[in-house]
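Notes follow the structure.
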There are 2 protein chains.
Amino acid sequence: MREPTFLVLTALAGEPRHGYAVIEDVAAMTGGRVRLRAGTLYAALDRLRSDGLIEVDREEIVQSRLRRYYKLTASGERSLAAETARLRTQAAIAEERLRLRGITFGGATA
Amino acid sequence: MREPTFLVLTALAGEPRHGYAVIEDVAAMTGGRVRLRAGTLYAALDRLRSDGLIEVDREEIVQSRLRRYYKLTASGERSLAAETARLRTQAAIAEERLRLRGITFGGATA
DNA sequence: GCCGTATATGCCGACCATCGGTATATTCAT
DNA sequence: ATGAATATACCGATGGTCGGCATATACGGC
């Protein structure tokens with residue numbers, strides 16, 4: 001799973017969100033580092049939906065604009081949990097090796 | 001940075017390794033989940049070298065076979081440290097959100 | 001009244017890291 | 001002698017992401 005995909009799932013793990021809200025949440029989560037392009041986002045949303053990791057929660061019309069809300073499925077929740085565990089483990093291994101080289105880890109920024 | 005690239009850097013963070021040893025270390029690190037293909041590895045090695053993140057440490061001939069050892073540069077060390085911090089932070093955010101949904105994290109496997 | 005920005009979804013072509021297969025060559029086990 | 005392991009390297013295909021564009025409404029500043 002690539003980073004943008006992981007971030008989209010993480011955004012939806014918080015609460016059901018519509019596309020634009022996902023872009024904003026991802027930007028907030030990463031301190032502005034990752035600004036998802038519309039192309040990336042909607043392609044990812046379509047792909048995740050056809051893979052059964054997310055599904056449409058509801059649709060709303062706000063100020064005559066459509067808002068399509070997505071939410072994680074049980075399968076998506078499991079995938080995100082597995083991916084998160086993987087990330088943690090890999091980070092821990094790299095961190096340990098860097099520590100042996102004399103690199104110290106303080107606060108981490110996204 | 002994609003996962004295979006991160007794993008290659010992590011492998012070299014342990015000690016200078018030649019290509020085949022990187023493949024083995026990555027497989028060991030991930031519990032056999034990631035088995036780097038030759039194409040992926042040598043392309044990554046070339047790319048990381050031209051980006052200045054790794055460099056050739058030494059070359060040896062063992063049983064009439066060439067072994068080209070690579071090692072991290074100072075720049076590669078910094079990149080890996082930054083990437084590791086990023087992974088940690090993102091994993092922590094996802095974990096917290098999953099926890100709020102009632103998902104508990106026990107031991108993590110790579 | 002007009003322009004730029006923000007909100008909101010969506011399509012499309014290009015890029016490039018990775019994948020999977022192939023080639024080459026030696027050593028070791030069956 | 002056949003296959004697996006060791007070891008490096010090239011090549012075409014795949015596919016997720018990037019960047020740009022289109023469409024449409026609302027809001028703030030000038």
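Taken together, the values in this text are just the output of simple stated rules run on the coordinates, not laboratory data. Small disclaimer: the values here were computed from a predicted structure and weren't measured. Here the Cβ is made from the backbone with ideal geometry for all residues, glycine too, and neighbour counts use every protein chain on show.
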Report task. Starting from a label point 7 Å past Cα on the Cβ side, list the distances from A:ALA28 to the same position in the other copies, nm, shortest first. Result -> 4.4
**Report entry** 10 Å Cβ neighbours from other chains, averaged over peptide B:75-87
**Finding:** 5
Report summary line: Expected sort for B:68-78, B:83-93, A:34-44, A:56-66 on mean C-beta neighbours within 10 Å, highest first, is B:83-93, B:68-78, A:34-44, A:56-66
Query raised in the report: Copy-to-copy spacing for A:ARG65, label 7 Å out on the Cα-to-C-beta vector, in nm, shortest first?
Result: 6.0
Report summary line: Expressed as a whole number, the average count of other chain Cβ atoms within 10 Å around the Cβ atoms of A:6-12 is 3
Requested in this report: Provide an ascending nm list, one decimal, of label-point separations from B:GLY52 to the equivalent residue in each further copy; define each label point as 7 Å from Cα along Cα→Cβ.
Outcome: 4.9
**Report entry** Given charges at beta-carbon only (K, R positive; D, E negative), |dipole| of segment B:59-110 in Debye
**Finding:** 100 debye
Query raised in the report: With charges set only on the Cβ (+1 for Lys and Arg, -1 for Asp and Glu), what does the dipole of the protein assembly as shown come to about its Cα centre, in debye to the nearest 20?
Result: 160 debye
Query - Inter-chain Cβ neighbour average for residues A:18-31, partner chain, 10 Å - result: 1
Query raised in the report: Name the chain B residue with the Cβ nearest the axis that maps B onto A: which is it, and what is the distance in angstrom?
Result: B:LEU87, 3
Query raised in the report: What relative contact order, as a whole-number percentage, does chain A give when Cα pairs under 8 Å and 6 or more residues apart are counted?
Result: 28 percent
Query raised in the report: Placing +1 at every Lys and Arg Cβ and -1 at every Asp and Glu Cβ, with all other atoms neutral, what dipole size does chain A have around its Cα centre, in debye to the nearest 20?
Result: 340 debye
Query raised in the report: Does segment B:1-84 classify as rounded, prolate or oblate by the C-alpha gyration tensor (a ≥ b ≥ c root eigenvalues; a/c under 1.5 gives rounded; else a/b over b/c gives prolate, otherwise oblate)?
Result: oblate
